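Participant: Provided herewith is a single structure, encoded as structure tokens, for subsequent inquiry.
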Amino acid sequence: MNGFFNIGKPARMSSAAVVAVMRRLTGEKRTGHAGTLDPEAAGVLPIMTGKATRLFDYLVDKEKEYEAVCAFGIATDTQDATGTAVETGTNYPDLDTVKEKARELTGEVRQRPSMYSAIKVGGKPLYARARKGETVEVPERTVIIHSIEVLGEEEDHGVRLRVKCGKGTYIRTLCDDLGKKCGCPAHMRSLLRTRSGAFSLETALSLDEARALAAEGKLTERMMAPDAPLQHLRAVEIPDRWKKQANAGGKIPAKDLAEDVPEEENLRAYLDGQFQGILHRNGEMLVWKMHY
């Protein structure tokens, strides 16, 4: 199997465990995921199988959408509901205050994630260091938060948020920061990823559905073509006269396909309508970055 599956990961299951299930169902050893979700989080988890695993670097995973519940009154060491309380408070903000402070957390934002995040320092994930009792300075990082929509109140001083953001954003850190902005400690109670690039929750396949389809021999019916998540890249059709060259992974003159392509732009390449891989310009030639 060569393609992508849009899987809806259940809460309290690791991304690696989902990959293991899909590896068994597809029988394809080359299986991986794009964009890790914390075990406690649920939602969209793109799964790559076969040759499609080589397309990971060309996926649009910069734009993601989440629904989260930010719970006011308690801040935790993990910045989510699994952690230990490190601060409490009762200065609960009203929705107008939450909306006002949320606007201050959009755009380019500096975040300092929890010690229990997967960010690596010195080659080791921070959470691994934290479990050993180590304490290190967590580096700040710049992330892009496009918008934060306040959807309404939840029980026990919770507020439901819809967040559209760029790659690398920690929603639990956003909840912690929002609590600080509002003057009341907060943590992330729950998280649902509703979109990751071209993959949306509306079309996601549950693991139970995947198991049922596999038992019927119909799992491939829900597999996305390798080029399906690559529609953000310009498509070019390789002329027949360059067919032999293309099949051998050779260079192709840029003027014959797309002379105006900037050096850094990647292209979806097709031959007789069939996806061949990723080309990019190098001087006067188009060379293969990934030959499918």
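The values are calculated or read from the model by the stated rules, or taken from the named source; none is laboratory data. Quick caveat, the model's predicted, so the values are computed rather than measured. Here the Cβ is made from the backbone with ideal geometry for all residues, glycine too, and neighbour counts use every protein chain on show.
Participant: Yes or no: residue 214 within 28 Å of the chain's Cα centre (by Cα), aliphatic (A, V, I, L, M) and assigned to a helix (DSSP H, G or I)?
Facilitator: Taking the combined requirement at face value, the residue satisfies it.
Participant: Would you point out the residue of the stretch 8-26, among those that are outside any helix (DSSP H, G or I) and at pLDDT 95 or above, that is surrounded by the most Cβ atoms within 10 Å (Cβ to Cβ)?
Facilitator: The residue in question is 9.
Participant: Something else now. So residue 100 passes all but one of these: (1) part of a strand (DSSP E or B); (2) more than 19 Å from the chain's Cα centre (by Cα). Which condition number does it fail?
Facilitator: (1)
Participant: Could you list all residues from the stretch 164-203 that are charged (D, E, K, R) and under 16 Å from residue 33 (Cα atoms)?
Facilitator: 167, 193, 195
Participant: Given the structure, is residue 209 of a type outside the set (S, T, N, Q), closer than 21 Å to residue 44 by Cα and either surrounded by 15 or more Cβ atoms within 10 Å (Cβ to Cβ) or modelled with pLDDT of 95 or more (or both)? Working first, answer last.
Facilitator: Numbers: of a type outside the set (S, T, N, Q): yes; closer than 21 Å to residue 44 by Cα: yes; either surrounded by 15 or more Cβ atoms within 10 Å (Cβ to Cβ) or modelled with pLDDT of 95 or more (or both): yes.
The answer is yes for residue 209.
Participant: Is it true that residue 73 is buried (at least 16 other Cβ atoms within 10 Å of the Cβ), on the phi > 0 side of the Ramachandran plot, at pLDDT below 95 and not assigned by TED's automatic domain parsing to the domain that holds residue 267?
Facilitator: No; evaluated as a whole, the condition is false for this residue.
Participant: Separate question: Check the stretch 121-128 and report whether any residue there is touching a Pro at 6+ places or on another chain (Cβ under 8 Å), closer than 24 Å to residue 162 by Cα and of a type outside the set (Gly, Ala, Ser).
Facilitator: No, the stretch 121-128 contains no residue that is touching a Pro at 6+ places or on another chain (Cβ under 8 Å), closer than 24 Å to residue 162 by Cα and of a type outside the set (Gly, Ala, Ser).
Participant: Could you tell me whether the stretch 65-77 includes any residue that is of a type in the set (S, T, N, Q), under 14 Å from residue 148 (Cβ atoms) and not in a loop (DSSP other than H, G, I, E, B)?
Facilitator: Within the stretch 65-77, the first condition is being of a type in the set (S, T, N, Q), and the residues that meet it are 76.
Okay, now just the ones that are also under 14 Å from residue 148 (Cβ atoms), so none.
Checked the stretch 65-77: no residue is of a type in the set (S, T, N, Q), under 14 Å from residue 148 (Cβ atoms) and not in a loop (DSSP other than H, G, I, E, B).
Participant: Here is a further query. Is at least one residue of the stretch 203-215 of a type in the set (Asp, Glu) and more than 21 Å from residue 17 (Cβ to Cβ)? Can you show your working first?
Facilitator: To start, the set of residues in the stretch 203-215 that are of a type in the set (Asp, Glu) comprises 208-209.
Subset that is more than 21 Å from residue 17 (Cβ to Cβ): none.
No: the stretch 203-215 contains no residue that is of a type in the set (Asp, Glu) and more than 21 Å from residue 17 (Cβ to Cβ).
Participant: Considering only residues of the stretch 132-191 that are touching a His at 6+ places or on another chain (Cβ under 8 Å) and surrounded by fewer than 22 Cβ atoms within 10 Å (Cβ to Cβ), which is modelled with the highest pLDDT?
Facilitator: Ranking the qualifying residues of the stretch 132-191, first place goes to 164.
Participant: Within the stretch 79-131, how many residues turn out to be polar (S, T, N, Q), within 20 Å of residue 41 (Cβ to Cβ) and in contact with a Gly (Cβ under 8 Å, 6 or more places away or on another chain)? Don't jump to the end; show me each part of the working.
Facilitator: Kept after step one, since they are polar (S, T, N, Q), are these residues of the stretch 79-131: 79, 82, 84, 88, 90-91, 97, 106, 111, 114, 117.
Next, only the ones that are within 20 Å of residue 41 (Cβ to Cβ) stay: 79, 82, 84, 111, 114, 117.
So of that shortlist, the ones also in contact with a Gly (Cβ under 8 Å, 6 or more places away or on another chain) come out as 114.
Counting residues in the stretch 79-131 that are polar (S, T, N, Q), within 20 Å of residue 41 (Cβ to Cβ) and in contact with a Gly (Cβ under 8 Å, 6 or more places away or on another chain) gives 1.
Participant: Tell me the residue from 149, 155, 216 that is acidic (Asp, Glu) and not assigned by TED's automatic domain parsing to the domain that holds residue 82, please. Even if it seems obvious, please write down each step before you answer.
Facilitator: Details: 149 fails: not assigned by TED's automatic domain parsing to the domain that holds residue 82; 155 fails: not assigned by TED's automatic domain parsing to the domain that holds residue 82.
Unique residue meeting the criteria: 216.
Participant: May I pose another question? Of the conditions (1) surrounded by fewer than 15 Cβ atoms within 10 Å (Cβ to Cβ); (2) not assigned by TED's automatic domain parsing to the domain that holds residue 222, residue 57 satisfies every one except a single condition; which number is it?
Facilitator: (2)
Participant: I would also like to ask the following. Applying the selection to the stretch 240-292, what residues are closer than 19 Å to residue 55 by Cα and among the aromatic types (Phe, Trp, Tyr)?
Facilitator: Those that are closer than 19 Å to residue 55 by Cα and among the aromatic types (Phe, Trp, Tyr): 270, 275, 288, 292.
Participant: Here is a further query. Does residue 211 satisfy being farther than 18 Å from residue 12 by Cα and not aliphatic (A, V, I, L, M)?
Facilitator: On the way: farther than 18 Å from residue 12 by Cα: yes; not aliphatic (A, V, I, L, M): yes.
The answer is yes for residue 211.
Participant: State which residue is surrounded by the most Cβ atoms within 10 Å (Cβ to Cβ) when the search covers only the stretch 229-254 and only residues that are over 12 Å from residue 272 (Cα atoms) and among the charged types (D, E, K, R).
Facilitator: 251
Participant: Still on this structure, I have one more. So which residues in the stretch 157-171 are farther than 15 Å from residue 99 by Cα and out of contact with any Phe, Trp or Tyr (no Cβ under 9 Å at 6 or more places or on another chain), if there are any at all?
Facilitator: Of everything in the stretch 157-171, those that are farther than 15 Å from residue 99 by Cα and out of contact with any Phe, Trp or Tyr (no Cβ under 9 Å at 6 or more places or on another chain) turn out to be 166, 167, 168, 170.
Participant: Any idea which of (1) surrounded by fewer than 16 Cβ atoms within 10 Å (Cβ to Cβ); (2) in contact with a Phe, Trp or Tyr (Cβ under 9 Å, 6 or more places away or on another chain); (3) at pLDDT 80 or above; (4) of a type outside the set (A, V, I, L, M, F, W, C) is the one residue 103 doesn't satisfy?
Facilitator: (2)
Participant: For the stretch 229-270, which residues satisfy the criterion of being touching a Lys or Arg at 6+ places or on another chain (Cβ under 6 Å) and outside any loop (DSSP other than H, G, I, E, B)?
Facilitator: Scanning the stretch 229-270 gives 230, 235, 254, 267.
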